[in-house]
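Here is the structure we will look at, set down as structure tokens.
The values are calculated or read from the model by the stated rules, or taken from the named source; none is laboratory data. What you are looking at is a predicted structure, and each value in this text was computed from that prediction instead of being measured. Here the Cβ positions follow ideal geometry from the backbone for every residue, glycine too, while neighbour counts run over all protein chains shown.
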Amino acid sequence: MRFLALAIVAVWLVPRDWQGLPMPLMRAAIRCGENSLAIYCLGVLLALASQIALADISNGLAMQIALSLAGILLMIAAATLLNSIRIKPRQPRLI
């Protein structure tokens with residue numbers, strides 16, 4: 001319910017022609033949103049891998065920050081790859 005309320009407020013406050021949307025960080029967030037289920041599943045796997053790495057290698061703050069940044073970059077890369085290989089709908093033939 002809270003997510004829905006937050007989404008409604010965001011849609012209400014952010015204009016369609018907002019100048020910040022073409023920024024690279026926002027484009028990455030949009031790509032992740034377009035592939036939300038796949039990115040969520042990848043995030044679950046990355047969280048498990050990060051927990052294992054933290055337990056085996058180091059539990060320091062620097063390691064936590066590095067794993068978080070690496071996870072974010074991997075999710076952005078996966079979303080970009082999914083967008084590039086998405087099957088495009090066929091155009092109707094004009095007879």
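Hey, among the residues in the range 30-58 that are among the hydrophobic types (A, V, I, L, M, F, W, C), without any contact (Cβ under 8 Å) to a residue 12 or more places away in the chain and within 30 Å of Gly20 (Cα to Cα), which one's surrounded by the most Cβ atoms within 10 Å (Cβ to Cβ)? Even if it seems obvious, please write down each step before you answer.
Filtering the range 30-58 for residues among the hydrophobic types (A, V, I, L, M, F, W, C) gives 30, 32, 37-39, 41-42, 44-49, 52-55, 57.
This time we only want the ones that are without any contact (Cβ under 8 Å) to a residue 12 or more places away in the chain, so: 30, 37, 41, 44-45, 48-49, 52, 55, 57.
Remaining after also requiring within 30 Å of Gly20 (Cα to Cα): 30, 37, 41, 44.
Numbers: Ile30: 13, Leu37: 7, Cys41: 11, Val44: 10.
The selected residue is Ile30.
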| note | Scanning the range 12-24 for residues that are among the aliphatic types (A, V, I, L, M) and surrounded by 10 or more Cβ atoms within 10 Å (Cβ to Cβ), the one modelled with the highest pLDDT turns out to be Met23
| said: Tell me whether the range 27-45 contains one or more residues that are over 13 Å from the mean Cα position of the chain (by Cα) and modelled with pLDDT of 90 or more. | reply: yes
